[in-house]
Amino acid sequence: MPVLAIETSCDETAAAVLDPGPKILSSIVLSQDKIHAPYGGVVPELASRRHLQSIGYVVGEALRRAALTPGQIDAFAVTQGPGLIGSLLVGLSFAKGLAYYFQKPLVGIDHLEAHMEAAFLAGQPVALPALALVVSGGHTSLFLLKRRLRYRLLGRTRDDAAGEALDKIAKYLGLGYPGGPVIQKLAAAGDPEKFRFALPRMKDASLDFSFSGLKTAALRWIGETGMSRRHRALPDFLASFEAAVVRALIETLGRGAERIKPASLILCGGVARNRRLRAAFEQFAREGGCEAHLPPPEFCTDNAAMVGALALERLRASKRPRLDLDLDAYPRFILARA
Ligand code: KG4
Ligand code: ZN
């Protein structure tokens, strides 16, 4: 019962074919990084136009590598939101067209929920309740997974997302886009203790995040030291900033874990590719005696395999999957399935 999944929420055109298991038969991700790099961030209009140009090819390639024709697909899945509305609509319309033509069910998928599903892609059982930290370019959120396919939002960022803060500082220093991987590379040889960053403190007991303070502190350091891409202390500065972002994430995860006492911890989203964050997360889980679930790096950043895996799980749980042509794209976060 193969499923074809499509993901076009931001600047990756992605398609994947999966069998139940989940077994990934193919997963294609076409990045638009080169198109947006000169602007230091994603230009929505350029993103949707490029999705339009690429989607046919990417879906065709996913099918070809899975050695299947579209008529052999049993259900179609597509990211509905949150994301860039113009980009989402390209994937959604394409998926609707396929599902309608072949008269097969169409499953609308939430992007953050799909990021969390990436933790299940390895096929290993995840002990519940689980606490999931979703760290992407647009979102930094903490969810409680009490049961399979049930999520409760415990905290979210009040301003910038962690990935956004990394991207913005990289842009300010002219280091390129996306900022996270560039910072990771340049920071590798740096001393993370060299520059001091105070961690954000919430005045209430909430599990929300905030990264605008860290970003402002970084901009102040840049001004005070004349930091630039050619500065000798650039690796130290970037290592210190990256480490501060990691500390802020793990600190809030820690407070969440104290409250929830989860059986396992999940780390996902594009920033979960970060080596420093992965190491800190694994250490935290080990010390707390929790299972740690970390998708392989290629399934942390946007991809369609996670979308297909979630669709399979949903199809398994639903009695009568439908061809819902009224599915609409949504730009902002609305997931609330508790
Ligand atoms: O989940 P994702 O692919 O797209 C969104 O849903 O936003 O996440 C993209 C984010 C970007 O902010 C990018 O800088 C960050 O993930 N990222 C990283 C790394 N690779 C990607 N951040 C830190 N270290 C990395 N290695
Ligand atoms: Zn994402």
Alpha-carbon centroid distance for the pair the stretch 217-242 / the stretch 58-77, whole angstrom: 47
Peptides ranked, highest mean first, by Cβ atoms within 10 Å: ranges 240-252, 130-142: 130-142, 240-252
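What is the calculated FRET efficiency for Arg332 to Thr216, with r their C-beta to C-beta distance and R₀ = 25 Å, to the nearest 0.05?
0.50
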Heavy-atom accessible area per residue - the stretch 1-60, 1.4 Å, Å²: 43
Distance in nm between pseudo-label sites at Asp74 and Arg147 (7 Å out along the Cβ direction from Cα): 2.4
Helix 85-102 axis, angle to the chain major axis (alpha carbon atoms, nearest 10°): 20
Proximal lysines relative to Lys104, as straight alpha-carbon distance under 29 Å, when same-chain residues fewer than 8 apart are discounted: Lys23, Lys96, Lys319
The stretch 127-169 and the stretch 255-291: distance between their alpha carbon centers, rounded to Å: 12
Eligible lysines near Lys194 by straight Cα distance, threshold 25 Å, same-chain separation 8 or greater: Lys168, Lys171, Lys185, Lys215
GNM flexibility winner over the chain from Ala122, Ala77, Ala165 (Cα, springs under 10 Å): Ala122
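Take each of the peptides 268-274, 158-164, 227-233, average the number of other beta-carbon atoms within 10 Å over its residues, and list them starting from the highest.
Packing proxy ranking, top to bottom: 268-274, 158-164, 227-233.
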For the chain, built as a Gaussian network whose Cα springs stay under 10 Å, the top-fluctuating residue of Ala95, Ala16, Ala217: Ala217
Gain on full stretching of the segment that runs from Asp19 to Arg196 - 0.36 nm per residue minus C-alpha separation: 58.8 nm
Zone residues, the stretch 166-204, relative to Ser228, backbone N less than 14 Å from point 7 Å out along Cα-to-Cβ: 173-175
Inter-label distance, nm, simple model (7 Å from Cα along the C-beta direction), Arg286/Ser31: 2.9
Prolate/oblate/rounded call for the stretch 1-133, Cα gyration tensor, a/c under 1.5 rounded: oblate
Rounded to whole Hz, the Karplus (6.51, -1.76, 1.60) HN-Hα couplings of the stretch 201-217, x for glycine and proline: 10, 7, 6, 9, 8, 5, 9, 6, 10, 8, 10, 6, x, 5, 5, 5, 4
Amide N proximity, the stretch 139-183 versus Glu61 label position 7 Å along Cα-to-Cβ, cut-off under 13 Å: none
C-alpha center-to-center spacing [the stretch 177-209, the stretch 88-125] in angstrom: 32
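The values are calculated or read from the model by the stated rules, or taken from the named source; none is laboratory data. Keep in mind it's a predicted model, so treat the numbers as computed, not measured. Here the Cβ is made from the backbone with ideal geometry for all residues, glycine too, and neighbour counts use every protein chain on show. These accessible areas exclude ligands, DNA and RNA; they are computed on the full protein's heavy atoms, side chains included. Shrake-Rupley method; radii C 1.70, N 1.55, O 1.52, S 1.80 Å.
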